[in-house]
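Following: one structure in C-alpha cells, then a few remarks.
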Amino acid sequence: MKEEARISPQQAVAKMLAHDRFSEWMGLEIDKVELGYCKLHFTVKEDMLNGFSIIHGGALFAASDSAFAFACNTYGYLTVALEVSISFTRSATAGELITVEAKEIHMGNKTGIYEIRANNEKGELLSLFKGTAYRTSKLIEPLSDG
C-alpha cells in the first residue's frame, strides 16, 4: 500500500522555495496553492529582457516551469517533468506584472498533465505552457524547525 503524504500543498511548496535560488532571483511570489494548482506573479526586470528590450522567452518559460513544479508537487510526492512545451503569443517589457497560473488537467496513477498560462496585467495571454509530470513514490519531507 502506498504511504500517504504527510505534508500540505503549502508545506510542499515552502520546502521547495526554501532551496530555490532561481525562483528567488526571478522574484516569483506565490499567490495561491492548492492540490494540483499554483498561481504566482512576478515583475519583469531589466535583466530579463532580450536584445529587443522585451521579455526573453526563457524568463516566461522559467516562471511557467516553476508554477508547474509547484502545482504538481502539491500532493506531497517528489514529482518531476517528463515533457514540456511552450507557445508564445505576446511580449512584455520591464516593469510589467506577470501572473502565471498552473492548473492540473489530468492526474493519473503516476503521470499528470498541466496547463500553465502567463498573462499580463490586462489579462492578455503571453504564453501557454503544457507540462507532463511523473510522480515518484518519494515523499517530500516538511521543513525542519531548525
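Every number here is computed from the coordinates shown, using simple stated rules; none is lab data. Being a predicted model, the structure only gives us computed values, none of them experimental. Here the Cβ positions follow ideal geometry from the backbone for every residue, glycine too, while neighbour counts run over all protein chains shown.
Given the pairs LYS103/LYS138; LYS39/LYS110; LYS32/LYS138; LYS110/LYS138, which span a C-alpha to C-alpha distance of over 19 angstrom in this model?
LYS103/LYS138; LYS39/LYS110; LYS32/LYS138
Could you work out [θ]222 nm for the chain from helices alone, using -39500 (n - 2.57) per DSSP H run of at least four and dividing by all its residues? Round to the nearest 500 deg cm²/dmol.
Numbers: 3 runs with 31 residues, N = 146.
It comes out at -6500 deg cm²/dmol, rounded to the nearest 500.
Semi-axes, largest first, in whole Å: what does sqrt of 5 times each Cα gyration tensor eigenvalue give for the chain?
28, 17, 12
At R0 = 22 Å, how high is the FRET efficiency between ARG90 and LYS45 if r is their beta carbon distance? Nearest 0.05 is fine. It would help to have the intermediate numbers written out before the result.
On the way: r = 18 Å, r/R0 = 0.83.
E between ARG90 and LYS45, to the nearest 0.05, is 0.75.
Could you state the angle between the C-alpha long axis of helix 57-72 and the longest principal axis of the C-alpha atoms of the chain, as a value from 0 to 90 degrees rounded to the nearest 10?
On a 0 to 90 degree scale, this one is about 20.
Could you sort the peptides 18-25, 43-50 by per-residue average Cβ neighbour count (10 Å cutoff), highest mean leading?
Details: 18-25: 12.2, 43-50: 15.2.
The densest-packed peptide leads the list: 43-50, 18-25.
Once you put a point 7 Å from the Cα of HIS56 and another 7 Å from the Cα of SER144, both along the Cβ direction, what distance in nm separates them?
Taking the two extended label points, one gets 3.6 nm.
Exactly which chymotrypsin sites (Phe, Trp or Tyr not before Pro) in segment 29-82 are in a DSSP loop and have at most 12 other Cβ atoms within 10 Å? Please report the intermediate quantities before stating the final value.
Working: sites: TYR37, PHE42, PHE52, PHE61, PHE68, PHE70, TYR75, TYR77; in loops: PHE52, TYR75.
Here the sparse-neighbourhood loop sites are PHE52.
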